[in-house]
Amino acid sequence: MELEVRHLRALCAIADTGSLHKAARELGVAQPSLSTQLRRIEQSLGGQLFVRAGTGCRPTPLGHAVLSRARPLVAELAAIVTETRAAVARAADGSSLRIGATASRALPGWLRRLRSRVPRTEPTLRMDVSANSLLRMVAGGWLELAFVHEVEGSPLCVPSGLSLRVLVEREPQFVTLAADHPAAERDEVRLADLADDHWMVDSTVDGEWEALGRVLREAGLEPDMLHGDYLTAYSLAATGEVVTVSQPTARPRSDVVVRPLQGDPIGVRLLLAARTEAELDLGYDELEAAYWEAARQAPAYREWLRRSGTPEGTRGRRERGQPPHLRPVPQER
């Protein structure tokens with residue numbers, strides 16, 4: 001078998017994610033297919049490239065040697081693709097804008113504002129639970145902008161050269177629970193009030209499983225943590241089966257309530273990413289307005305903002321090429 005660029009890209013994805021499962025998801029292939037491909041690559045090269053263990057995959061010495069040669073080749077190809085797409089975009093009328101995002105209540109308002117401005121912009125939206133995947137898509141030229149969140153204590157892997165602008169330095173994460181839960185009567189819920197509950201978290205969202213586990217351990221709690229997507233989590237929360245972390249912009253329903261956690265132990269940083277400052281300007285103002293519109297429509301968050309004295313619409317900082325984990329993280333209140 002002759003090595004191709006797709007094989008090198010697969011090796012880099014496995015090394016970057018540390019997992020065949022995560023690499024397969026990033027590459028858009030089935031895990032068994034990727035495992036078979038890796039075995040064929042190793043057979044072709046005559047040695048084992050990764051050590052497989054319960055904690056994931058890590059490169060062997062031979063794997064490190066191959067990766068050191070593969071990464072520049074993959075990066076060079078990505079640069080060719082990016083430059084070609086940029087040339088095509090410049091030749092077009094410039095009315096389209098490819099944006100990516102993790103889940104947010106601000107998205108409808110952002111899209112609406114982009115479409116209503118003059119001259120009209122027609123956005124196309126790519127959703128992904130992984131902020132890291134979206135950042136790589138921006139770096140690779142697949143997206144112009146990505147609106148992502150960085151979970152406190154779990155820095156994102158920001159590709160070299162990306163420009164970042166902070167929308168919200170620290171957004172507190174709230175809890176969603178059944179309307180008849182005893183803690184629902186509180187304006188703020190203590191973690192101790194939820195000591196006997198099951199928590200449901202989507203572990204495919206970068207950093208969220210680890211962050212919640214860390215916060216619960218620091219509070220001296222060891223409740224059951226269940227994996228599940230957030231649509232399922234909210235449905236089960238309504239029946240009292242679980243409680244779940246939620247964005248503060250989430251709106252209450254008749255069967256669930258959204259409450260702040262006392263002390264705001266879980267926080268995220270909201271970021272807009274692009275390749276250049278000029279591209280950030282293509283969508284930042286509209287996103288900022290959409291976010292604070294969503295905040296005003298969420299009663300629990302609106303009240304939290306009032307009590308905390310947080311100014312609405314504070315302009316985000318420009319962070320050219322500086323990874324988020326190198327920037328100071330505000331202390332918890």
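Only one of Asp180, Asp197 is over 25 Å from Ser130 (Cβ atoms), surrounded by 20 or more Cβ atoms within 10 Å (Cβ to Cβ) and of a type outside the set (A, V, I, L, M); which?
Values: Asp180 fails: surrounded by 20 or more Cβ atoms within 10 Å (Cβ to Cβ).
When all the criteria are applied, what remains is Asp197.
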Worksheet item: Residues Gln262, Gln247: which one is under 25 Å from Ala195 (Cβ atoms), open to solvent by 10 Å² or more (accessible area, probe 1.4 Å) and touching a Lys or Arg at 6+ places or on another chain (Cβ under 6 Å)?
Response: Gln262
Fill in: Which listed residue, of Gly63, Gly18, is at negative phi and in contact with a strand residue (DSSP E or B) (Cβ under 8 Å, 6 or more places away or on another chain)
Gly63
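Per-residue answers, yes or no, for (1) under 19 Å from Asp128 (Cβ atoms); (2) at pLDDT 90 or above:
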position	(1), (2)
Gly207	yes, yes
Pro223	no, no
Thr244	no, yes
Gln247	yes, yes
Ala250	no, yes
Val268	yes, yes
Worksheet entry | Matching residues, the range 252-267, being touching a Pro at 6+ places or on another chain (Cβ under 8 Å) and in a loop (DSSP other than H, G, I, E, B) | Pro252, Pro260, Asp264, Ile266
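This table checks each residue for (1) in contact (Cβ under 8 Å) with a residue 12 or more places away in the chain; (2) out of contact with any helix residue (DSSP H, G or I) (no Cβ under 7 Å at 6 or more places or on another chain); (3) closer than 14 Å to Val245 by Cβ.
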position	(1), (2), (3)
Phe147	yes, no, no
Pro155	yes, no, no
Val189	yes, no, yes
Leu194	yes, no, yes
Trp199	yes, no, yes
Gly207	yes, yes, yes
Glu210	yes, yes, yes
Gly213	yes, yes, yes
Pro223	yes, no, yes
Response to the item:
A careful count of residues in the range 1-50 that are within 18 Å of Cys157 (Cβ to Cβ) and aromatic (Phe, Trp, Tyr) gives 0
Worksheet, complete the sentence: The residue that is surrounded by the most Cβ atoms within 10 Å (Cβ to Cβ), considering only those in the range 106-133 that are out of contact with any Lys or Arg (no Cβ under 9 Å at 6 or more places or on another chain) and assigned to a loop (DSSP other than H, G, I, E, B), is Ala106
Discussion item. Quick check on this structure: which one of Val138, Val148 is of a type in the set (A, V, I, L, M, F, W, C) and closer than 30 Å to Trp199 by Cβ?
Written reply: Val148
Response to the item:
Within the range 51-75, restricting to residues that are part of a helix (DSSP H, G or I) and among the aliphatic types (A, V, I, L, M), the one that is surrounded by the most Cβ atoms within 10 Å (Cβ to Cβ) is Val66
Worksheet, complete the sentence: Here the residues within the range 52-73 that are farther than 18 Å from Gly18 by Cα and touching a residue at least 40 places away in the same chain (Cβ under 8 Å) are Leu73
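The values are calculated or read from the model by the stated rules, or taken from the named source; none is laboratory data. Only a predicted model underlies this, so the values are computations on that prediction, with no experimental measurement involved. As a convention, Cβ positions derive from the backbone with ideal geometry for all residues, glycine included, and neighbour counts pool all protein chains shown. Note: areas computed on protein heavy atoms with side chains; ligands, DNA, RNA excluded. Shrake-Rupley method; radii C 1.70, N 1.55, O 1.52, S 1.80 Å.
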